[in-house]
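One structure below.
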Amino acid sequence: MTGDNRARYIVLAAFLLLIIIGHILFAQFADYSYQSSRHIQDLFRAKFWSIFLVLVVSLSLYLLRHKSYTPLLAVLTVSLYFVIIYSILYRGTPYGLNGHWGDNGYRLAITSKISFYGYLADAYLKDLPTMYPPLWFAFMAIYAKLTGIEVWQTIKYGYLVLFLIYPWLVYFSWKPLVSRGTAAAISLATLFFASDLINYTYYEHLVCALFIPWWLYFFEDASGKSSGKKPNWRFILLGSAVGSLLFLTYYYWFYLAIAAFPLGLAVKFLEQKSWSLLWHDIRRKLLIALGILLCTSIYWLPLLLSALQHGFESYQLKWFYLDYINFAIGWRENLLRAFFILAGIFMAGYLWDRWKQARLILLYSGAIVLILFDRLANLGQFSIQTRKILEFAHVLTMAPAAIGFMLLWSKLSDRKNIRWGILTVLMVLGIVVANDHTQLLNNEMYKTGVNQRLPLAEFEAFNGVDCRDKVFLTHKYIESCYFPYFMFMTVSNVPAHLAGQFQERKEFLRIASRIQESEILAYVFANNRFDAIDYIYLPYNKVSDQYEFRWNTVPFGGGFVFDSVSFSASLLHDTTCFKKIHRFGLFETRDVDLTHEELLSLSEKYPELRQYLVAEDSE
């Protein structure tokens with residue numbers, strides 16, 4: 001065995017050891033509060049280890065720069081750095097940033113449904129397919145089962161999985177396009193210098209970093225492996241498979257490829273003046289796109305069918321705050337981030353001829369086209385969410401910036417003093433950035449995550465209740481992260497399923513709230529055309545003697561509009577139609593059979609209900 005091979009096996013063994021150590025570190029739960037002295041001490045430890053690792057790793061990589069295994073060692077140290085830092089930062093909590101609130105609640109609800117039911121279910125609504133790309137959540141569900149952890153712990157353990165695989169995926173994705181050393185530099189730079197948002201929108205961050213090498217290598221054929229007259233089917237199938245994995249994790253970045261597509265064709269035709277060569281390029285892209293379409297049909301086809309069956313209303317296209325029109329979101333106020341973005345854009349232009357017919361600058365041009373289109377869409381009161389491009393601009397541009405640095409470094413091979421100067425600046429810059437990684441004292445989402453504990457008091461009402469395949473009329477959306485029940489309606493339009501008939505469900509509840517008879521209320525709850533309501537779990541208002549269901553709507557432009565419906569407590573109490581099974585206000589809906597005469601009376605008294613009842617439709 002050669003020395004190089006021996007070194008590679010040593011790096012592999014070290015990585016496997018890091019997996020074991022990482023699980024041991026992340027399993028620690030010190031159970032302290034945000035304000036506790038133990039937490040402050042852990043912040044001190046995180047500061048120490050971040051600076052210590054930056055100095056040691058920088059010097060070690062420089063001294064070992066001529067070794068063939070140094071790129072692998074660099075990638076390994078990226079994993080090591082983040083595993084250690086995050087295990088310290090979140091040692092006092094079993095959760096991650098922001099606990100189970102915000103987007104984490106939605107993510108945990110999806111993961112718990114996939115874990116419990118074994119299929120790609122929606123986070124909240126019964127008999128609807130997942131609306132969000134499911135691969136990361138399915139992966140976390142499987143990971144939880146294999147490791148024996150609870151699903152709600154996958155936010156914290158997701159960090160461990162992310163930092164174990166992210167650096168290596170970036171490295172191996174770029175390896176066919178650049179040298180091994182440059183691929184390692186891209187991996188290190190992407191995670192270390194472009195880590196903003198990685199602790200909350202981690203899978204979006206991951207796919208953003210992996211999308212660019214996929215687009216260059218496969219979609220644009222930067223290597224020229226599929227430039228012949230006949231399709232390279234192995235290349236196309238592999239490109240489709242990898243693209244499908246990215247799409248099923250987070251599909252947004254594929255909009256960039258769509259926008260850049262006509263720009264690339266125009267440039268190639270002007271350069272080559274050949275319709276034949278242009279057709280070869282179009283054919284490859286169409287075949288890869290078709291392959292992705294087929295492979296991802298497990299996700300989009302059920303979604304499409306549900307929209308055709310129930311109607312389409314996407315409130316995600318309405319999610320838009322006026323701050324999003326700011327073209328410099330997240331980087332104008334951060335000079336270091338702005339420097340990396342501008343350096344990356346400059347290098348994308350500089351690398352025009354680096355990969356034959358693949359031009360990275362065209363992808364960025366496609367991003368500008370999307371942003372312009374979004375501004376036009378805003379006039380029609382909807383958005384294609386190009387804020388994502390602006391928020392992740394540092395990730396999109398970090399790879400060419402790293403390539404530029406490595407080109408500069410190689411040109412200075414005979415300027416030892418300048419290299420030492422650059423290394424010194426890099427170490428200081430690394431310390432500054434490492435400080436940002438651990439500077440979380442004033443971060444409210446971090447504070448929430450550290451203080452988060454299992455809401456055991458809220459679980460009391462669900463203990464002993466069979467939640468499997470059951471539908472609750474409730475505002476308790478957080479508890480659905482822990483118990484496998486579905487909700488009749490989401491408490492906000494933001495996570496509402498595009499085929500969930502949010503507006504119609506609201507109207508149905510408004511009409512149902514006017515019902516004065518327990519038997520009729522129980523009947524319409526059980527026989528509506530949306531979902532049979534098995535349980536009612538609503539807060540009780542002592543003043544009005546009513547149970548109230550509240551929700552909010554976020555209109556285009558931001559803000560909240562609150563609304564509610566109420567049901568008289570007398571309808572649920574002292575009746576056989578509803579059974580109170582917990583003092584918190586949890587009621588079970590009993591089966592009620594109405595006679596033909598009673599059904600006729602229902603239709604006459606509440607004629608607007610007819611369109612929402614299954615029995616009426618069947619007649």
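The values are calculated or read from the model by the stated rules, or taken from the named source; none is laboratory data. None of the values given here were measured: they were computed from a predicted structure. So basically every Cβ, Gly included, is an ideal-geometry build from the backbone, and we count neighbours across all protein chains shown. Surface areas here come from the heavy atoms of the whole protein model, side chains and all, with no ligands, DNA or RNA. Shrake-Rupley method; radii C 1.70, N 1.55, O 1.52, S 1.80 Å.
Somewhere in region 55-62, is a residue over 29 Å from the mean Cα position of the chain (by Cα) and part of a loop (DSSP other than H, G, I, E, B)? No. For region 18-40, give me each residue that is without any contact (Cβ under 8 Å) to a residue 12 or more places away in the chain and either buried (at least 16 other Cβ atoms within 10 Å of the Cβ) or farther than 20 Å from ASP436 by Cβ (or both). Selection gives ILE20, ILE24, ALA27, GLN35, SER37.
PHE312 meets all of the listed conditions (1) crowded, with 18+ Cβ neighbours inside 10 Å; (2) touching a residue at least 40 places away in the same chain (Cβ under 8 Å); (3) under 22 Å from PRO495 (Cα atoms) but one, namely (1).
Tell me, please, whether a residue that is outside any loop (DSSP other than H, G, I, E, B), more than 21 Å from ALA27 (Cβ to Cβ), modelled with pLDDT of 95 or more and touching a Ser or Thr at 6+ places or on another chain (Cβ under 8 Å) can be found in region 83-93. Looking for residues that are outside any loop (DSSP other than H, G, I, E, B), more than 21 Å from ALA27 (Cβ to Cβ), modelled with pLDDT of 95 or more and touching a Ser or Thr at 6+ places or on another chain (Cβ under 8 Å), one finds none in region 83-93, hence no. GLY330 fulfils the conditions (1) at pLDDT 90 or above; (2) under 23 Å from SER383 (Cα atoms); (3) open to solvent by less than 30 Å² (accessible area, probe 1.4 Å) except for a single criterion, (1). Are there any pairs with C-beta distances below 8 angstrom linking a residue in region 333-360 that is closer than 18 Å to LEU265 by Cβ to a residue that is basic (Lys, Arg) and not in a loop (DSSP other than H, G, I, E, B), with the two at least 6 apart or on different chains, and if so which? Between residues of region 333-360 that are closer than 18 Å to LEU265 by Cβ and residues that are basic (Lys, Arg) and not in a loop (DSSP other than H, G, I, E, B), the close pairs are GLN357/LYS268.
Scanning region 541-563 for residues that are more than 20 Å from VAL465 (Cβ to Cβ) and crowded, with 16+ Cβ neighbours inside 10 Å yields GLN546, TRP551, THR553, VAL554, PHE556.
This table checks each residue for (1) within 30 Å of ILE114 (Cβ to Cβ); (2) open to solvent by less than 80 Å² (accessible area, probe 1.4 Å); (3) polar (S, T, N, Q); (4) part of a loop (DSSP other than H, G, I, E, B).
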residue	(1), (2), (3), (4)
PHE261	no, yes, no, no
LEU290	yes, no, no, no
PRO302	yes, yes, no, no
LEU308	yes, no, no, no
LEU317	yes, yes, no, no
ARG337	no, yes, no, no
ILE345	no, yes, no, no
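If you check LEU538 against the conditions, is it open to solvent by less than 30 Å² (accessible area, probe 1.4 Å), closer than 12 Å to LEU586 by Cβ and within 31 Å of the chain's Cα centre (by Cα)? Yes. Only one entry in LEU538, LEU609, LEU599, LEU594 is touching a residue at least 60 places away in the same chain (Cβ under 8 Å) and more than 23 Å from MET487 (Cβ to Cβ), namely LEU594. Screening region 390-436 for residues that are under 15 Å from PHE193 (Cα atoms) and either more than 35 Å from the chain's Cα centre (by Cα) or among the polar types (S, T, N, Q) (or both) and picking the one that is surrounded by the most Cβ atoms within 10 Å (Cβ to Cβ) gives THR397. Of all residues in region 8-41, those being farther than 15 Å from LEU164 by Cβ, modelled with pLDDT under 90, in contact with a helix residue (DSSP H, G or I) (Cβ under 8 Å, 6 or more places away or on another chain) and not polar (S, T, N, Q) number 2.
SER297 meets each of the listed conditions (1) polar (S, T, N, Q); (2) at pLDDT 95 or above; (3) in contact with a strand residue (DSSP E or B) (Cβ under 9 Å, 6 or more places away or on another chain) apart from (3). Taking the stated definitions as given, is THR424 outside any loop (DSSP other than H, G, I, E, B), under 30 Å from ARG45 (Cβ atoms) and without any contact (Cβ under 8 Å) to a residue 40 or more places away in the chain? Yes. Of all residue pairs spaced 6 or more apart or on separate chains, those with beta-carbon atoms under 7 Å, a first member in region 105-128 that is closer than 16 Å to TYR143 by Cβ and a second member that is open to solvent by 30 Å² or more (accessible area, probe 1.4 Å) and in a helix (DSSP H, G or I) are LEU108/TRP152; SER115/LYS145.
The listed residues are ILE149, ILE155, ILE142, and the only one of them that is under 28 Å from LEU317 (Cβ atoms) and either open to solvent by 20 Å² or more (accessible area, probe 1.4 Å) or in a helix (DSSP H, G or I) (or both) turns out to be ILE155.
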